[in-house]
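Presented below is the structure to which this report refers.
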Amino acid sequence: MGHRQLALMDFKDPEPGADSVVIEIKASGFCGSDLHHYRGARGESLRVKSPEFLRERGISFDDPIIAGHEPCGIVAEIGKNVDPRAFAKGDRVMVYHYDGCRYCDQCRTGWVQMCERGSTVYGQTAHGGHAHYMVAPAKSLIHLPSEISFAAGAAVSCGTGTAFAALERLDVSGRDTLAVFGLGPVGLSAIQLAKAMGVRTVAVDVSAERVARALSFGATAAFDSSQSDPVEAIMQWSGGKGVSTAIDCAGVAAARHAAVRSTSTWGRIAFVGVGGNVSFDVTADLILRQRTVIGHLTFSDVAMARCVRFVADHGIDLDQQFSERWKLEDAVRAYQEFDKQTSGKAVFEF
Ligand SMILES: [Zn+2]
Ligand SMILES: [Zn+2]
């Protein structure tokens, strides 16, 4: 509802369209980006969309939207055009939480959130996963391997998928070192995934508690940037050279700056954390150091499928990210607690 209000409402159970499925939700994760909608004015995030975008999709600011963009569950019903060899009743699935026009270059390459005609985001501009049932296009489903829990599947559906795709874009390998700034679910995922890729990692956050957690998630080294200069610490750790890659998951200027300056000559840096701004000495920090900085938003549908396969094959324990597991009935309290941002990741389980 916005302004830190939320309501539990009854909705009619959804029915599948010809090309869609109904999912019986088993887990639906909370994401830091939910807090923009929770804390702000109702529909604030939708106002950036054009009036045509909203009209085409039948969205009105007066309609309530079911939140939750990390849905995971079991196929309960399938539409008449859905190939049962692809998805059948009872399949364990995750939902890639975007839909688009399905025909533009971005949609055709799986980057549906970049749809040239504007994307639908489940949990924001269409009903999401904080409910017993959810309807989604069959093309947005990805099979959940049997060894992965529903909660872990929810994590892959946003935070872990984002970290995985950013590491793919940075092209990290066992030859690299990686500095991770901001140790929320995306940063911790980056540490877990990078470790499995053979990468030595150094974790940085302003919270001593999060720094300690990162070590238990497999970081090679970790520094509390509220106590000392992380760039100096990383330089020392790397024998004065700097790390070959860095990722900023904090979305604050100080962390972005440190991420760039902690890399070596030819360093590659990904900005993943959203919000705020930063300025650089382009000549000294970028040109004269041959550094590459990329902006990175979430992941493609095929990257999400690669991510969950990687997590399964390497036995990565994403369940340890969840410090809070809630029932839907406790949603008001659950979001009040989540709003404090003092613990790990949270999820509704059904
Ligand atoms: Zn998210
Ligand atoms: Zn498109």
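Residues checked against (1) modelled with pLDDT of 95 or more; (2) assigned to a loop (DSSP other than H, G, I, E, B); (3) polar (S, T, N, Q):
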| residue | (1), (2), (3) |
| --- | --- |
| K139 | yes, no, no |
| P145 | yes, yes, no |
| V180 | yes, no, no |
| L188 | yes, no, no |
| R210 | no, no, no |
> Mind checking which pairs have a first residue in segment 271-285 that is at negative phi and open to solvent by 70 Å² or more (accessible area, probe 1.4 Å) and a second that is of a type outside the set (F, W, Y) and assigned to a helix (DSSP H, G or I), Cβ under 9 Å, 6 or more apart or different chains?
Replying inline: V274/H36; N277/A253; N277/R256; S279/A253; S279/H257
>> Can you confirm whether D317 is modelled with pLDDT of 95 or more, out of contact with any helix residue (DSSP H, G or I) (no Cβ under 6 Å at 6 or more places or on another chain) and closer than 17 Å to L188 by Cα?
In response: yes
> Has segment 129-142 got any residue that is in contact (Cβ under 8 Å) with a residue 24 or more places away in the chain and within 23 Å of A190 (Cα to Cα)?
Replying inline: yes
>> Within segment 328-350, take every residue that is free of Cβ contacts under 8 Å to residues at least 24 places away in the same chain and in contact with a strand residue (DSSP E or B) (Cβ under 7 Å, 6 or more places away or on another chain) and give me the one that is most open to solvent (accessible area, probe 1.4 Å).
In response: E337
>> I need the full set of residues from segment 65-105 which are surrounded by 13 or more Cβ atoms within 10 Å (Cβ to Cβ) and within 16 Å of ligand 2 (Cβ to nearest atom), in order please.
In response: Y96, H97, Y98, D99, G100, C101, R102, C104
> Of the conditions (1) in a strand (DSSP E or B); (2) aromatic (F, W, Y); (3) out of contact with any strand residue (DSSP E or B) (no Cβ under 6 Å at 6 or more places or on another chain), F164 fails just one. Which one is it?
Replying inline: (1)
> Is it fair to say A7 is at pLDDT below 90, exposed (fewer than 14 other Cβ atoms within 10 Å of the Cβ), under 26 Å from E337 (Cα atoms) and away from ligand 2 (no atom under 16 Å from the Cβ)?
Replying inline: no
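Each row is one residue, and each column tells you yes or no for (1) in contact with a helix residue (DSSP H, G or I) (Cβ under 6 Å, 6 or more places away or on another chain); (2) without any contact (Cβ under 8 Å) to a residue 40 or more places away in the chain; (3) more than 24 Å from Q321 (Cβ to Cβ).
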position	(1), (2), (3)
A196	no, no, no
A208	no, yes, no
P230	yes, no, no
C249	yes, no, no
R261	yes, yes, yes
T265	yes, yes, yes
>> Considering only residues that are open to solvent by less than 80 Å² (accessible area, probe 1.4 Å) and over 18 Å from the mean Cα position of the chain (by Cα), which ones fall in segment 313-327?
In response: G315, W326
> Restricting attention to segment 119-126, does a residue exist that is open to solvent by 40 Å² or more (accessible area, probe 1.4 Å), modelled with pLDDT of 90 or more and either in a helix (DSSP H, G or I) or touching a strand residue (DSSP E or B) at 6+ places or on another chain (Cβ under 7 Å) (or both)?
Replying inline: no
> Going through segment 243-270 one residue at a time, which ones are in a loop (DSSP other than H, G, I, E, B) and buried (at least 24 other Cβ atoms within 10 Å of the Cβ)?
Replying inline: C249, A250, S262
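The values are calculated or read from the model by the stated rules, or taken from the named source; none is laboratory data. Being a predicted model, the structure only gives us computed values, none of them experimental. Glycine also receives a Cβ, built like all others from the backbone with ideal geometry; neighbour counts cover every protein chain displayed. For the accessible areas, the whole protein counts, side chains as well, though only heavy atoms, and no ligand, DNA or RNA atoms are used. Shrake-Rupley method; radii C 1.70, N 1.55, O 1.52, S 1.80 Å.
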